[in-house]
Amino acid sequence: MLETFITWLTDTVFRLGYPGITLLMALESSFFPFPSEVVMPPAGYLAAQGRMHTGAVLAAGIGGSVLGALFNYWVAVRLGRPLLHRYGRYLLINEASLDKAEAFFRRHGEVGTFVGRLVPVIRQYISLPAGLARMRLDRFAIYTAAGAGIWCAILTYIGWYLGKHASVLLREDVQRYSSIAVLTLLPILALVLVIYALRHRRSGTGRQSSG
């Protein structure tokens, strides 16, 4: 049922062109369980055929991702913890994990936002602790755009590559290549976190020594 609905929604919105991509990616970046793998690769496939412009596809995808993330951020800021405590279980969010995420974002919101945008499942909900922690909105938008930009570029390239080498865009091919991309990204992101932690610890040690 969900797959049929997603196919119908994708076909309908893609008739709107770039605004459709923006809308779908905004949905993907918010609470709606809509996978970006059914948005950006088809757009990249159309770009390979000359029916869309790659730069405009990326801009639409990043713009939609930021809009959806800002919606979640707004929900967290305006409605706050009571709403998440009440309905968080439906989003697989419990109070303990919420407390830890909020405390983390008060200290490391930038790297958390950037890395979170590149991790499956987490990317849809990373805006909530950022909003609860009242992370600076401009920095939140910048790091969201950076992480979302990388992911949108990867998915667009997958579609573009398949558009150059396959006559038909198959969901199985998209899933296979996107899974490879995720498995490649995870150790890179782990390394980014290790480097960040080492630099943060070193700077903290330096401040203590000078104090």
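The residue list GLU172, GLU102, GLU110 contains one member that is under 30 Å from GLN49 (Cα atoms), out of contact with any Cys (no Cβ under 6 Å at 6 or more places or on another chain) and surrounded by fewer than 21 Cβ atoms within 10 Å (Cβ to Cβ), which is GLU172. The condition of being out of contact with any helix residue (DSSP H, G or I) (no Cβ under 9 Å at 6 or more places or on another chain), polar (S, T, N, Q) and either buried (at least 19 other Cβ atoms within 10 Å of the Cβ) or modelled with pLDDT under 85 (or both) holds for only one of SER203, SER127, SER178, that being SER203. Going residue by residue through segment 146-160, is there one that turns out to be within 22 Å of the chain's Cα centre (by Cα) and more than 30 Å from GLN49 (Cβ to Cβ)? Scanning segment 146-160 turns up no residue that is within 22 Å of the chain's Cα centre (by Cα) and more than 30 Å from GLN49 (Cβ to Cβ). Any residue at all in segment 77-90 that is modelled with pLDDT under 95, buried (at least 17 other Cβ atoms within 10 Å of the Cβ) and under 15 Å from MET25 (Cβ atoms)? Looking for residues that are modelled with pLDDT under 95, buried (at least 17 other Cβ atoms within 10 Å of the Cβ) and under 15 Å from MET25 (Cβ atoms), one finds none in segment 77-90, hence no.
Selection of segment 17-63 for residues being assigned to a helix (DSSP H, G or I) and in contact with a Phe, Trp or Tyr (Cβ under 6 Å, 6 or more places away or on another chain) yields GLY20, LEU27, GLU28, GLY44, ALA47, ALA48, ALA56, ALA60. Here is the figure for segment 27-73: residues that are of a type in the set (Val, Ile, Thr), under 15 Å from LEU16 (Cβ atoms) and under 12 Å from the mean Cα position of the chain (by Cα) total 0. Only one entry of LEU162, LEU169, LEU155, LEU185 meets the criterion of being under 23 Å from ALA59 (Cα atoms) and assigned to a loop (DSSP other than H, G, I, E, B), and that entry is LEU169.
Is it true that some residue in segment 18-41 is more than 19 Å from PRO120 (Cα to Cα) and at pLDDT below 90? No: zero hits. For segment 28-46, a tally of residues being within 16 Å of TYR161 (Cβ to Cβ) and surrounded by fewer than 23 Cβ atoms within 10 Å (Cβ to Cβ) returns 2.
ARG139 - would you say it is in a helix (DSSP H, G or I), surrounded by 11 or more Cβ atoms within 10 Å (Cβ to Cβ) and not β-branched (Val, Ile, Thr)? Criteria met by ARG139.
The values are calculated or read from the model by the stated rules, or taken from the named source; none is laboratory data. The shown structure was predicted, so the numbers you read here are calculated from the model rather than taken from an experiment. Because the Cβ atoms are built from the backbone with ideal geometry, glycine has one as well, and the counts that use them run over all protein chains shown.
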